[in-house]
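No lab work stands behind these numbers, since they all come straight from the coordinates. What you are looking at is a predicted structure, and each value in this text was computed from that prediction instead of being measured. Here the Cβ positions follow ideal geometry from the backbone for every residue, glycine too, while neighbour counts run over all protein chains shown.
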Amino acid sequence: MIKKLIPLALPVLALAGGVFAGDMLRSPAAQDDHALQVETAEGHDTGPAPAEADAGHDTAPVEDHGGGDHGGGDHGGGDHAAPGEMAFFSFPTQFFVPLVRQGDLRDMMILTLTLQTDSASQEALRKKEHALRDALLRQLLIHANTGGFDGNFTADRNLAVLREDLLKAARATTDLTLTAVLIEDIAKQ
C-alpha cells in the first residue's frame, strides 16, 4: 500500500517544497514591488517605483503642465525626459530571425532591441519605427546568414560586433541621434 502512495505523494511534496523555497528566496525588491502594486491599487501614492529609484542613471522629474494624455500609443521609451537627456526607444515587439541551413529552418533567434537616443529624438524615432525595424531586421538576417549566430553567439566579442552592425544599420536609416543599440533579450529556439 505504501509503495503505491509514494509515487503520488512525491510530486505533491516537491511542488509544496518548490513553492516554499521560491517564497523564501524571493528578492526584497520583488516583495517591495508587490507591496507597491497593492498600495497603488488602494490609491496611495508611494513615490517613485523601486525600479526608477535603482535605475542607475540621472533623470529629472517630469512636470505635467496639464496638456492631457502624453501616452499616444505606448510603443516604448515611455519616459518623457528633458531635451538632451538620455532616453530609450523600445520596439514594441521582438525580432524573429530564422536560422536556415542548407534550405532547412533549423532554429529561430528571438531578440528584444532598444535604441539609446536623446529625449529630443525619441518622438521622431517612433515615427520612423517601421523603417528602423526593417533596417535592423535586414542586418540581423545578414548576421544570421553569415554564421553570426552559430557557436557561442553570446560571447562578448560576438555581441559587440552585432551591436556595432545594428547601430550602423540604424544610423544609415535616420539622421536622428542614436548612441547605442541595446540587446535586452536574446534566445535561440
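Quick one: which residues, 5 or more positions from Thr117 or on another chain, have an amide H under 5 Å from its amide H? H modelled 1.01 Å from N in the peptide plane, none for Pro or chain starts.
Long-range HN contacts for Thr117: Ala87, Phe88, Phe89, Thr179.
In whole Å, what are the Cα extents of region 73-188 along the three principal axes, biggest one first?
So the extents along the principal axes, rounded to whole Å, are 49, 28, 23.
Be a star and scan region 149-187 for residues whose amide nitrogen sits under 16 Å from the point 7 Å along the Cα-to-Cβ vector of Arg101.
Only 149-154 pass the distance filter.
How large is the convex hull of the C-alpha atoms of region 126-168 per residue, in Å³? Spell out each step's value before the answer.
Details: hull volume 2.8 nm³, N = 43.
Each residue corresponds to 65 Å³ of Cα convex hull volume.
Report the gain in length on full extension from Ala120 to Leu25: 0.36 nm times residue separation, minus Cα-Cα distance, nm rounded to one decimal.
30.0 nm
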